[in-house]
1. Pairs of Cα atoms under 8 Å, at least six residues apart: use those to get the relative contact order of the range A:300-426, whole percent.
2. Take every Cα-Cα distance within the protein assembly as shown, group them into 10 Å bins from 0 onward, and report for each bin the whole-number percent of pairs it holds.
3. What is the packing order of peptides A:714-725, A:743-754, taking the mean over residues of other C-beta atoms within 10 Å and listing the highest first?
4. Between residue A:759 and residue A:908, take the C-beta separation as r, use R0 = 25 Å, and let me know the FRET efficiency to the nearest 0.05.
5. Multiplying the sequence separation of residue A:929 and residue A:236 by 0.36 nm and subtracting their Cα-Cα distance, what value in nm do you get?
6. Given 0.36 nm per residue, what is the gain on full extension from residue A:656 to residue A:891 after removing their alpha carbon distance, in nm?
7. What does the convex hull of the Cα atoms come to per residue for the range A:300-426, in Å³?
8. Given a cut-off of 14 Å, what percent of all Cα-Cα pairs of the range A:519-584 lie beyond it?
Amino acid sequence: MSQSNRLAQGGRIDRSRELSFTFNGKSYRGHPGDTLASALLANGVDIVNRSFKYSRPRGIVAAGAEEPNAVIQLGSTEAAQVPNVRATQQALFEGLEARSTNGWPSVQRDLMGVIGKLGGQFMPPGFYYKTFMAPASMWMTYEKYIRKSAGLGRSPMEKDPDIYDHLNRHCDVLVIGAGPAGLAAALAAGRSGARVILADEQEEMGGSLLDSRELLDERPADQWVAEALEELAGLDNVLLLPRTTANGYHDHNFVTLHERRTEHLAETAPRENGRRQARSRLHRVRAGRVVLATGAHERPLVYGNNDVPGNLQAGAVSTYIRRYGVVPGNKLVLSTSNDHAYRAALDWVESGREVVAIADARPEPVGELVEQARAKGIRIIPGAAVLEARGQNRVTGARVARVDLEGFRVSGDAESLDCDTIASSGGYSPVIHLASHTGARPTWRDDILGFVPNLVEGVLAAGGTQGVYAIGEVLADGWEAGSRAAGDTGFDTVEARLPNVGARNEGKPVALYQVPHEKPTLRGPKQFVDLQNDVTAAAIEVATREGFESIEHVKRYTAMGFGTDQGKLGNINGMAIAARCLGRSIPEVGTTVFRPNYTPVTFGAVVGRHCRELFDPERYTAIHQWHVEHGAEFEDVGQWKRPWYFPRRVEGRMETMHEAVARECRAVREKVGILDASTLGKIDIQGPDAREFLGRVYTNKWAKLAPGRVRYGLMCKDDGMVMDDGTTSCLAENHFLMTASTGGAAAVLEWLELWHQTEWPELEVYFNSVTDHWATMTVTGPEARKLLAEVTDIDLDREAFKFMDWREGTVAGVPARVFRISFTGELAYEINVQANYALNVWETLIAHGEKYDLTPYGTETMHVLRAEKGFIIAGQDTDGSVTPEDLGMHWAIGYDKPFSWIGKRALTRPDTARTDRKQLVGLKPRNPEVVLEEGAQIVFDPDHAIPMPMKGHVTSSYYSPTLGSGFALAVVKGGQQRMGETVYLPMVDGQVHEAEIVSPIFVDPKGERQNV
Amino acid sequence: MSNSVDDKVKTFDTRTEAKVPVESPLAYSYRRSGAPAPGEGSGVVVRERPFLGHLVLRGGAIILDEALREVLDISLPGEPQALVFDASGERSVQWISPDEWLLIVPGGEEFELENRLREALGDAHFAITNIGGGQTLLELEGEAVSELLMKSVIYDADPHHFPVGKGVTTVFAKTSVILRRSSETRWELVARRSFADYIYRWLLDAGEEYAIGIVR
Amino acid sequence: MFHIYCPYCGEYREEEEFHPKGEAHIVRPEDPETCSDEEWGDYLFFRHNPRGIHHEMWVHAVGCRKFFNITRNTATYEILETYKMGEAPSITAESRDDRAAAEAETAEKQEGVRA
């Protein structure tokens, strides 16, 4: 197919090369420098999509981010699929494959088109809510088909071949937009020496200057752009980021920029020097000052059938002609409310094609551009507008008539004009999206007929964003903003040096949003306000009639400005229509909030490198490699990877977890096992007040703990609820080593600092984490002493080294601290060595352990063994609502300590003193085969009508090879007084388990085994 | 072992002169993830400096400064984010918080140093904690280091805004590191042992486009 | 994403380095044993949730590990000052009464209805 709309010359494309691409399976050709949109227009492709709701054919309307229709799906392979790309923002590359997003099964011939023709009756506003929301259970079914036919793009089903980066950037001045205002601002700030980032979303920087008719210093505007960019590129303190969209403006001048680095080259990032490069980068910018130079979007007029392909924004027509050498039709009718749009007609005529007429809503159009049009012999119809477009798949004509703007009525007879293109302009809407992200509501200005942003601290706006449109003023405004931003961040500003621009004599625009029609809005042809969401003027009128007066409610009722569109073209027109219907002014109707992101960002860019193997940190102990080599299955405990159990190959197959854990449990109870306990939190505490501090943060007493001794401690919050537990050893009079649970280590250290820094700064004590410094190995079981004796010089005699003592010496030739504490109930030694030695010490123990059948065990076995002893895990058997008394740990509460330690006062509040609180008990299932579910609810009367009163729940439950049955820890209301009673656990599958309340200590209640 | 025991604080030499195999925090990572050799095109070169002596000093700046000058002939950096080296460049002290400094010395010196500092500090209120087994130091050099850091840490690592002699604790990917600049060309990361593998794998991944090389 | 001046580090740092710890200036009763259940309950559970000026405790968790306070406007997210533990705020809701009233009015306009 030939590029029938391509002009013989002009534009910024590279005509020496051709690129081939496909759209909806058909092949076309374009040039480097084209966007997908300009190439489609060059090839005469009218229909690019079907509309969201009515399934009407749609064509390209705009030339930039505001494009509502040409939202396409990219990708030739499943893995390369990218949804919701605007064809106007996608650079053409060789081999590009694109499809329409909407229009299943095909854009040309659409199934839903039938419904679309019936239109109004079938899908009035609020249709989805009213029709499909009831019955609620059917929504899933409706949704599938509505989504499929509506088409919101689809995500790839295969792994993304690309990689993405986040970059944390800091600068003095961030300039967003590299049109005339942004370039001037960047030059002002850059020359002052400030660290500047200039970001622009287009393929080329320059903005409107790239297709401007204006002369700067008597030369084409793009020459000045080239010089400005060259200067900026030469400044060390300036970073230029083309193809970079500022998508979100967050608190305190934190802006996220999405830089597309390879999207213009290929559908997946090509390798550079044989190495992968990031497809896109998300720059997380913290800026001293932000200059918004985001320009303005032209506002299309709202008239009948304004969605038929061939209806374009006036400015887009100029852009396609001047920048891409594409004229998107043959016969043009222009409908305008202002001078500026005359450029489109002038450009059209200069391309050698026919301008049928200009319908100018102003009764007496005057101004330089108007005169130029007259001079070219273009027919101008004053006081008129296009009422309605004709045609279905392409514009075939326009009905034009005089309109009475005040009275909102057609005041003359309509004239039908033959044409294939209608360009319209209702003036400009400043692009205030980013300013709006900060929460500041914009202000309506009658003089420019648009909203301008209200600016929070640290942000400036310049040029079109502020409603300044004349090129000379825009440059000056940009320079001023850039200078102020640099000055605010401490730089000496330099004198302005800007190109000369002749002033233009412009006529005043009039306010025109919706064009009146002979028929009332509800009966006339559809007048589209939001093309992407298929919202019509009639829909807004209906919304106001149904009582939705706030523009936010109108928006939700009609879906105006939803989704990826974010109201770029439609919102102001929509508000104007709502205002007309309600008899109010636009500012009285309010304004809308624009939210991040400005344009869609791929998940890849959002995720960056935080995915796959780098999704989350994995913390390893110094012995990790041994565990891996010995087939450990791992469990996540916080960010730690801990061996869960070590399955062995037995009789030609791997043990199940149940079998492995049973074997490991028996080994510890009968012989000896070894556990990597390095993940335990360890805090070194020094200072003369260390002991006093411990007494305040633990519930039990510390005054008399002697050097060489260890004590179990329970920590509460001031509400009396258990927060963590662990052992603390007295290393010397002013020196202690505290342990905390693996998951709670960081929180406990912060807790100690909190109390020290805020409540008791007078206490002389310091806390330092030594968790990573020490590796910890627990050797436990009846044979533990014999094994350890082989590799240590420490006297292990039961009198010399008692239970709850610690000693130092060497283990396997390495300096070690050994703690005789037990979490299994068996004889146990916790060996601590500097982590760099740990692997060797572990391997030495394993080698010596062979003759004792030393068995490495993991966290699951640890849990079974500790639960058999009734030892709690904070956070599993407690949940922030359990007191030490609830745990039956009265022995660990020092009520008579002199200082009112953390949690003490709360234990006497009426609620914590209740006797029917949930209390820790053991549960023995009647059926020994049953292992109760953790979290299962406990009831006293299984015959009670549903809902049954729930009296407690299971906190820990395992199978015990030692007991030969399942067993559990649970919290039960008043449980400590209910020993021997039967409780019931109704399960989801209808089964009801029976269990007896027993002591939580199932094995060795007197604690003789750990004390041998 | 020359462990000193007074009745107040228990110091302990966790190092031994015996020929016992030691493993740096990255030993496992090298074996699992490999260590690409630096080449001519390497924009980033990483070298681990394992087994150094790391001591945390806690206390008032004035007393610690006196003791440090007496024992090591280094002035304590009193300004936030400051990092100073001794004349040899082998020993450094870094401000961590108003009452906390990190002292890094050649491996093997730390125990004797701790004892001498304790002696110099006498009865003052302070704490010294040996954390050498729990940390490792990575040196980063090359023209792409600052961009690699930009991808990794949230702190402003622009070389113009992070002068030599600065050090901060900050967020690295989803964990934390101490980031320091020891010379015009050299940056340092002090990583916790258990996170070292994650940090190493992150550096390899993010550094791929700069042909990152590891010196072993 | 807040930009927070740490009064101990003496510079602005990214929010990711900090943890919020709730309302500032909550004083633990001097003698918990003698205070009433109601007083103890107030100390434990009751917090202000003002629209406007609020004093909050934060900790520079990935940094100097020091706790400090922030005076923040909860409507605009503006951080008006940060100050060390033990110091008093220089800006309070009372000191800002006039200005706050004006701001609240603006904020009201700005907020409108949000999803």
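1. Numbers: 298 pairs, mean separation 42.4, N = 127.
That works out to 33 percent.
2. 1, 8, 14, 17, 17, 15, 12, 9, 5, 2, 0, 0
3. Numbers: A:714-725: 22.5, A:743-754: 18.2.
Order by mean packing, descending: A:714-725, A:743-754.
4. 0.80
5. 242.1 nm
6. Extra length available between residue A:656 and residue A:891 comes to 80.6 nm.
7. Taking only Cα atoms, the range A:300-426 has a hull volume of 89 Å³ per residue.
8. Taking all Cα-Cα pairs of the range A:519-584, the fraction more than 14 Å apart is 49 percent.
Coordinate-derived values only; no laboratory data. Because the structure is a prediction, the values reported are computed rather than measured. Please note: Cβ atoms are built from the backbone with ideal geometry, for glycine as well, and neighbour counts cover all protein chains shown.
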